[in-house]
Every structure is written in C-alpha cells, then in structure tokens.
1. Among the residues of segment 270-292, count how many are farther than 26 Å from Leu23 by Cβ, surrounded by fewer than 24 Cβ atoms within 10 Å (Cβ to Cβ) and not basic (Lys, Arg).
2. Which of the residues spanning segment 235-257 are without any contact (Cβ under 8 Å) to a residue 60 or more places away in the chain and more than 21 Å from Val148 (Cβ to Cβ)?
3. Take the residues in segment 183-199 that are in contact (Cβ under 8 Å) with a residue 12 or more places away in the chain and over 15 Å from Val266 (Cα atoms), then tell me which one is farthest from the chain's Cα centre (by Cα).
4. Applying the selection to segment 162-185, what residues are under 15 Å from Val108 (Cβ atoms) and of a type in the set (Ser, Thr, Tyr)?
5. Here are some residues: Val108, Val139, Val93, Val120. Which one is in contact with a Pro (Cβ under 8 Å, 6 or more places away or on another chain) and either surrounded by 15 or more Cβ atoms within 10 Å (Cβ to Cβ) or of a type in the set (Asp, Glu) (or both)?
6. Scan segment 127-154 and report the pairs whose first residue is under 17 Å from Thr208 (Cα atoms) and whose second residue is surrounded by 17 or more Cβ atoms within 10 Å (Cβ to Cβ) and aromatic (Phe, Trp, Tyr), with Cβ atoms within less than 9 Å and a gap of 6+ or a chain change.
7. Only helices (runs of 4 or more DSSP H) wholly contained in segment 228-312 count here; list those with 1 or more residues that are aromatic (Phe, Trp, Tyr).
8. Which one is farthest from Ala230 (Cα to Cα) among residues in segment 156-175 that are crowded, with 16+ Cβ neighbours inside 10 Å and of a type in the set (A, V, I, L, M)?
Amino acid sequence: MSARPGVVGYVAKRVAGALPTLLIVAVLVFGLIRMIPGDPAQVMLGDAGDPQAVAALRTEMGLDRPLPLQFAAWLGHALRGDLGVSIATGEPVLPLILQRFQVTASIVVSAIALATLIAVVGGLLAAWRHRRGLDQAVVGVATLAMAVPSFWLGLMLLLVFGVKLQWLPVVGYVPLTEHLGAGLAYLVLPVATLVIVESGVLIRMMRTSALDVLRLEYVTHARAKGLSEARVLLRHVLPNAFAPTLTLVGLALGHLLGGAAVIETVFTLPGLGRLVVDSILARDYPVVQGCLLFAALAYVLVNLAVDLCYPLLDPRVTVEG
C-alpha cells in the first residue's frame, strides 16, 4: 500500500514536468514559422494578388495583429484541435496530419518493436558471451548497422528486392484497411530499413547495460544457487539492464513518429515526414506549423510514457524520482 503514493507522485511529477515543455515547444514552433521569409497571405493569393486583397486577407487571418495576440489566438485554437486550413489544398490541417500519421505510425511502431526485440536478444547474448566469437559478431553487425545511411540502405533494398528479384513493390502505397496483403508488401522494405538502422545502437546499449548488471553480486549469487543461465539472464539481468535501452527506444520512437522523412521519400510513402517536406516546398505555413507542433507533441508524449514505465522496471524510481 505504501508504494502506491510513490507511484502516483512520480506520475504527477512527470506529467507536470511535461506541460512547460509543451508550452516552450509551442512558442518555438510559432516563432520559427514567423521567421520564415514571405507573406502567407501573398502566397495564398499568388503573384496576381493586389495589395488591397493581400491586406484584407492578412486582416482576416489575424496577421496584422501583434505577435503575442497572434500566438494566444493560435494556441487557443490548437488546444481545441483547430490547427488551421492548408493554403495549398484548403483542407483542415489536423485531419490531414492524422491521416498521414497513420502511415508513419504503421511503419515506425512496427520497426521499433522489431528492433527492440532484436536488441534485447542480441545484446543479452553478446554480454553473456563477452569477448568471445558471438560477442564480436554481434558487435560487428551492430556497428555496421549504425554506420550505414538509411537512404542508401533503402535504395539498395529497393534495387535488390524490388528491381532485381521483383519480390516486393517498388513505388506506391496501399493502406492496410483497403488490402491487408498488398499493404504489408509495401511496408516490408521501409520497415526492414528502419529495423536495420535503429537496431545497431539499441544492441550496443543493451549489451553495455547487460555487462554492467552481470558484474553485480546478486547475479553471482543467483548463479551460485544453481539457476540456469537462461533464468539468470531473463529474470535477473534483463529487467535491470533494459531501462537504459528503453530510454533510447523512446527517443527513437518519438523522433521517428514525428516523420521519417528520408524513408518516406525513398519509398514514396504518404507519411507525416513527406507531408512536412512537401509543405515546406509549397510554403504551406499552417501545415508546416501544425506538423511541427504535432511531431513535438508526439515526441514529448512518447518520452513521458517511457518515464512512466520506469517504475515497472525499477521500483526505486518512485522514491528516487
């Protein structure tokens, strides 16, 4: 019963700490967009827009008001889920972002989950066979995965499995809700690319953490009691060694959920990262602003969720945090 207040206090502290971060992010996003050269009203009307029409549109959009008032109005609308309307297409920004985010999330969540599983198995085995052949092989593969650029790896996978072998589609995208088989076929290569790229650093971190735990006295005691190596690794080493790796998982997941622009461009996927790139090129300020805010929100919420998972791995966090 005494652990419950500690858990509640830990959760409350982390949630309270995330709120100022989100406010600072909102200020930065708003400020960065206002620093971009060009007039959104002029962009919307095009070169043919006369000064009177541009001035009227600026008034309608609230661009003629002081920046603090503009920020307060924008933040108030954002809190209600209104991120504006796209200049290029006239669509509401939030539904457009959520539609594209589904594509990004299907790729990123699958890739990070597989990369984490590979990292846990590979890191534990490498630490268990420290300085032996298996350890050297795992470290070598992980280092190579860290060194390979994601865009180059994606192009090579497209060339081999899409063009040469013709096992998988090269260009396009089919939603999983429309056709499960075709949708999975289009996701195999981008997911495989992200798994390879992200698993390298996760394996290295898991191996280092597991090595530190294997040197602790309670692991030696567990072995002296006659427990099998598999039981020692899974019951005693894994829970205590996984926390640092979980931090990296949260960072990678939050970063990629904000838009895997390189991967989505290579594989022509209509994800959030591709939307950001296209909107920047089109100077579609409301979409860019909404995407940046959404990406930052995803990053903060994912890492908040990771922080809230720490007490499950180490109950001492509720006291020390």
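The values are calculated or read from the model by the stated rules, or taken from the named source; none is laboratory data. This one's a predicted model, so the numbers in the text were calculated from it and none came from an experiment. Using ideal geometry, Cβ is built from the backbone for each residue, glycine included, and neighbour counts are taken over all protein chains shown.
1. Number of matching residues: 5.
2. Arg235, His236, Pro244, Thr247, Gly250, Gly254
3. Here the residue is Ala185.
4. The initial filter retains those residues of segment 162-185 that are under 15 Å from Val108 (Cβ atoms), namely 173, 176.
Passing the criteria: only Tyr173.
5. Val93
6. If the second residue must be surrounded by 17 or more Cβ atoms within 10 Å (Cβ to Cβ) and aromatic (Phe, Trp, Tyr), the pairs left are Leu134/Trp128; Asp135/Trp128.
7. Result: 238-257.
8. Narrowing segment 156-175 to residues crowded, with 16+ Cβ neighbours inside 10 Å: 157-158, 161-162, 168-169, 173-174.
Then keep just the ones that are of a type in the set (A, V, I, L, M); that gives 157-158, 168, 174.
Values: Leu157: 35, Leu158: 38, Leu168: 38, Val174: 42 Å.
Looking at the filtered set, the residue picked out is Val174.
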